[in-house]
Amino acid sequence: MNVVDEVGFVNGSGLAAVGGGRHGRHGCCDRPRLEAGTKGFGRSMTVRAPRLGVRMSMGDELIYIMVNGMPGGMALETAEAVARRHTLVPVGLTGADVGVTSMEIEGNSVELVRPDERDQALKEVKEKYPGVVAIDFTHPTAVNGNVELYAKYGIDSIIGTTGGDEEAMREAVMRSSGVYSVIAPNMGKQIVAFQAMMKSISTEFPGCLSGYTMNVVESHQSTKADTSGTAKAVINSFNDMGVDFPVDHVEKVRTEAEQLDRMGVPMKYLKGHAYHTYTLTSPDGTVTLEFKHNVRGRLVYAEGTVDAAEFLVEKRALGGDQQIFNMIDILRSGKMQ
Ligand SMILES: NC(=O)C1=CN([C@@H]2O[C@H](COP(=O)(O)OP(=O)(O)OC[C@H]3O[C@@H](n4cnc5c(N)ncnc54)[C@H](OP(=O)(O)O)[C@@H]3O)[C@@H](O)[C@H]2O)C=CC1
Ligand SMILES: O=C(O)C1=N[C@H](C(=O)O)C[C@H](O)C1
């Protein structure tokens, strides 16, 4: 269902991307242009005011969701999931060097806003889309600044971007009372369950792997800037079980040849995969434990992210004191599909 069309936002604005393409590491083409008579968001695009009370809601009703980080892989996949399930806000934050000005998502046009205009754009999004939830799949260098602005304008957020300063994000959210956020390195239900399992073992049996050595190998698309945030979270649990493993000992596989030949990643998923193997060995070498979680593509994270947005809207409506959640909270709530 094209929910944006149904409400009339995009059609109402008359926004239509024409031509264009990507440049830089996203591939190169002409910049898209807006059709004559349309105006850009954050400058003077006309976006019809939402019908208050119609879309902002809990349960089965639709939520306004802004997706930031397009044309990156995670933001694109998530925007598609949002368009299938809720109302995609026709504006999203992008990087400074991105060569497109808008994206078509399931028939909806989304205007991309660069960092120098993000402050004004977020202010306007908050005014025009009450109850909006922002989803962030951007870059480790961008996410903390974005979180500061979400908090400044009272925008609730789902932060999937890894590699930022999580403590600073938490502080930014906590400074604004009444602002809620989910911050988590992994939104995939089954991977979150694995994380929860490891955390729970570490709590119930602290020191159970005392003296064991560990080897961690993770493979992601070559553009990934940081070490897997999921691996870092799982390693914390192993360390609580008595393993002494510094996060900077994680082996990162980022070259496609090695991903194909050594890791067994199918060609189709070289641009989007997350393979993790943790191997633990007893002090005398007689016992080996191996844990593996391999994800191809990004659908599982995108759907989990939308589950998180629904969870957050419910929490906000209840108005509780807890402002920051992780995906284990959402898994526990039963809200993950
Ligand atoms: N929590 C989870 O479940 C998951 C988290 N992730 C995390 O999400 C993040 C994004 O992943 P992925 O999509 O693969 O990465 P990509 O590099 O494909 O996409 C990131 C996008 O963000 C853009 N960007 C850069 N700076 C800004 C900015 N200031 N504001 C808005 N956008 C910006 C980039 O533009 P440009 O290319 O020009 O730099 C790019 O288009 C990573 O941190 C990754 O680890 C990924 C998968 C699952
Ligand atoms: O960049 C990715 O792709 C992923 N990032 C997250 C992480 O760093 O843990 C989640 C998953 O590994 C995919």
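The values are calculated or read from the model by the stated rules, or taken from the named source; none is laboratory data. Fair warning: this is a prediction, and the values are worked out from it, not measured in the lab. As a convention, Cβ positions derive from the backbone with ideal geometry for all residues, glycine included, and neighbour counts pool all protein chains shown. Heavy atoms of the whole protein, side chains included, go into the accessibility calculation; ligands, DNA and RNA do not. Shrake-Rupley method; radii C 1.70, N 1.55, O 1.52, S 1.80 Å.
Here are a few things to note about the model shown:
- Residue check for N215: within 16 Å of ligand 1 (Cβ to nearest atom) and more than 27 Å from D165 (Cβ to Cβ): no
- Candidate set from region 217-240 (those that are within 9 Å of ligand 2 (Cβ to nearest atom), under 17 Å from A196 (Cβ atoms) and out of contact with any strand residue (DSSP E or B) (no Cβ under 7 Å at 6 or more places or on another chain)); member that is most open to solvent (accessible area, probe 1.4 Å): K232
- Test: residue in region 192-208 that is away from ligand 1 (no atom under 12 Å from the Cβ) and in contact with a His (Cβ under 9 Å, 6 or more places away or on another chain): yes
- When E166, E171 are screened for being modelled with pLDDT of 95 or more and within 16 Å of ligand 2 (Cβ to nearest atom), only E166 passes.
- So V182, is it within 10 Å of ligand 1 (Cβ to nearest atom), out of contact with any Gly (no Cβ under 8 Å at 6 or more places or on another chain) and either assigned to a strand (DSSP E or B) or without any contact (Cβ under 8 Å) to a residue 60 or more places away in the chain (or both): yes
- The one condition from (1) under 17 Å from the mean Cα position of the chain (by Cα); (2) not in a strand (DSSP E or B) that K123 does not meet is (1).
- Taken together, V265, V295, V247 contain a single residue that is within 13 Å of ligand 1 (Cβ to nearest atom) and of a type in the set (A, V, I, L, M), which is V295.
- Residue selection: E104 satisfies the criterion of being touching a residue at least 12 places away in the same chain (Cβ under 8 Å), among the acidic types (D, E), in a strand (DSSP E or B) and open to solvent by 10 Å² or more (accessible area, probe 1.4 Å).
- Subset of region 126-137 that is assigned to a loop (DSSP other than H, G, I, E, B) and of a type in the set (A, V, I, L, M, F, W, C) - its residue that is farthest from ligand 1 (Cβ to nearest atom): V132
- Failed item, numbered, when S109 is tested on (1) within 16 Å of ligand 2 (Cβ to nearest atom); (2) surrounded by 18 or more Cβ atoms within 10 Å (Cβ to Cβ): (1)
- Of all residues in region 254-266, those being closer than 24 Å to Q190 by Cβ and out of contact with any Ser or Thr (no Cβ under 9 Å at 6 or more places or on another chain) number 2.
- Residues of region 241-261 satisfying the condition of being open to solvent by 50 Å² or more (accessible area, probe 1.4 Å) and more than 30 Å from S210 (Cα to Cα): T255, E256, A257, E258, L260, D261
- Qualifying residue in region 193-210 (condition: touching a residue at least 60 places away in the same chain (Cβ under 8 Å) and under 15 Å from the mean Cα position of the chain (by Cα)): no
- Failed condition for K292, given (1) under 24 Å from T223 (Cβ atoms); (2) open to solvent by less than 50 Å² (accessible area, probe 1.4 Å): (2)
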